[in-house]
Amino acid sequence: MSDIDILVSEVGPRDGLQSIKSIMPTEAKKAWIKAEADAGVPEIEVGSFVPPKLLPQLADTAEIVQYARTLPGLAVAALVPNFKGAENAVKAGAHKITLPLSVSETHSQANLKKTHEQVYDEVRKVVELLNTLPEDERPDFEGGLSTAFGCTLEGKVPESKVVECAVKMMELGCDEVGLSDTTGYANPAQLRRLIKLIRAEVGDDKLQGVHLHNTRGLGLANTIAALEEGITTVDASLGGLGGCPFAPGASGNIVTEDLVFMLDAMGLKTGIDLDKLLKVRDIVIAALPGEEMYGFTPDAGLPKGYGSGGEKGWGIAA
Ligand code: ZN
């Protein structure tokens, strides 16, 4: 992390693939993940430990985690909906696990079939499990605050509720919390407020990451707001593949290629080679015929003289 300014976490193999009907073959997933790691992407959320009956697209997550672990320097993240998922993620060797709590309890019940209290019980059990592991085998445990900016079922989500959930997740033993705009409702002012409010309660270093969607075109504007508040980890999905199957109308994470272009142009180091990253799209397009891939930078191409001389911060004043 020391040689990069912003950690771009690729979530396409999880968030992207879970939201589309096509099932990507395991070998194509491996090729995708390897190509992104080769392009310098430092962290990839490679899957979710949900029952294959619910998400057949991610049925091979354990195998994918094990494979991704063999790629040098890559931090391998996975989503876990509950204790059972966490157990399997630990067995497979994930470096980081995220258990999402839907701040909207209605969404939580519709999505995870669990009340907040029931989710907290799962978190407690996960922490107990992690505490039995030796330090070098213990994954980082993030409490994800999903539907933090609004819910397709409840509408407005009170900010006090988001803060309350963040505090509770930390009290139960999460290492950090992350803010998720599951539904694509977030705006930059709201991000600034929520980040400040949560950090005031849990500490700046316990909220480092945001997970944003580009549903209403505000993904990068929201990212800037988060960066200005000191956020250092940003989730994104190659080609904007992604969404939430339980939040109708919410489609598309922010596009990794556009995010990397923006950060690069601003002189913020990501460690990612954008030329190489753009070529990774071919793997995904070939493996998912007919699926929509988004992104302005891939469509427009890189600006004239981009990256010449190996200089970073291409867009900053000469
Ligand atoms: Zn998402």
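The values are calculated or read from the model by the stated rules, or taken from the named source; none is laboratory data. These numbers come from a predicted model, not from an experiment. Neighbour counts are summed over all protein chains in view; Cβ atoms, including those assigned to glycine, are modelled from backbone coordinates with ideal geometry. Just the protein is used for accessible areas: all its heavy atoms, side chains included, with ligands, DNA and RNA removed. Shrake-Rupley method; radii C 1.70, N 1.55, O 1.52, S 1.80 Å.
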ask   = What are the ³J(HN,Hα) values, in whole Hz, obtained from phi via the Karplus relation 6.51 cos²θ - 1.76 cosθ + 1.60 with θ = phi - 60°, for each residue of the stretch 66-82 in sequence order, with x given for Gly and Pro?
value = 4, 5, 4, 4, 7, 7, x, x, 7, 8, 9, 10, 8, 8, 10, x, 7
query = GNM, the chain, Cα, under 10 Å: largest mean-square fluctuation among Phe261, Phe296, Phe141?
reply = Phe296
key: Within the accessible area of the stretch 1-147 (1.4 Å probe), percent carbon and sulfur   = 53 percent
ask   = Considering only protein heavy atoms and a 1.4 Å probe, what is the carbon-and-sulfur percentage of the accessible area of the stretch 176-245?
value = 48 percent
inquiry  = With θ taken as phi - 60° and the coefficients 6.51, -1.76 and 1.60, list the Karplus ³J(HN,Hα) couplings across the stretch 26-31 in order, rounded to whole Hz; mark glycine and proline as x.
reply    = 3, 5, 5, 4, 4, 5
key: Distance violations [Cα-Cα > 22 Å] among Lys53/Lys114; Lys21/Lys156; Lys114/Lys161   = Lys21/Lys156
Within the chain, helix-based [θ] at 222 nm, where runs of 4 or more DSSP H residues each add -39,500 (n - 2.57), nearest 500 = -11500 deg cm²/dmol
task = Mind telling me which of Thr233, Thr106, Thr147 comes out most flexible in a GNM of the chain, alpha-carbon contacts under 10 Å?
result = Thr106
note = Full extension between Ser160 and Tyr306 adds, at 0.36 nm per residue less the Cα distance, a length in nm of 48.1 nm
query = Can you list the lysines whose alpha carbon sits under 16 Å from that of Lys304, skipping same-chain ones fewer than 8 residues off?
reply = Lys312
key: Kirkwood hydrodynamic radius of the stretch 163-202, Cα pairs, Å   = 10.9 Å
query = Helix 219-228 versus the longest principal axis of the chain: what angle, 0 to 90°, nearest 10, using Cα atoms?
reply = 80 degrees
Reciprocal of mean inverse Cα separation for the chain (Kirkwood radius, Å) = 19.5 Å
message = Between Val127 and Lys113, what is 0.36 nm times their sequence separation minus the Cα-Cα distance? Round to one decimal in nm.
response = 2.9 nm
inquiry  = Looking at the chain as a GNM with Cα springs under 10 Å, which of Lys113, Lys206, Lys30 has the largest mean-square fluctuation?
reply    = Lys113
request  = Determine how many Å³ per residue the convex hull of the Cα atoms of the stretch 1-116 encloses.
outcome  = 115 Å³
Gained length - Ala200 relative to Phe296, 0.36 nm times residue gap less alpha-carbon distance = 31.0 nm
key: the stretch 87-155, Cα convex hull volume normalised per residue, Å³   = 82 Å³
Å² per residue, accessible surface of the chain at 1.4 Å = 42 Å²
query = For the chain, what is the charge dipole size about the Cα centre, in debye to the nearest 20, if Lys and Arg each add +1 at the Cβ and Asp and Glu each add -1 at the Cβ?
reply = 620 debye
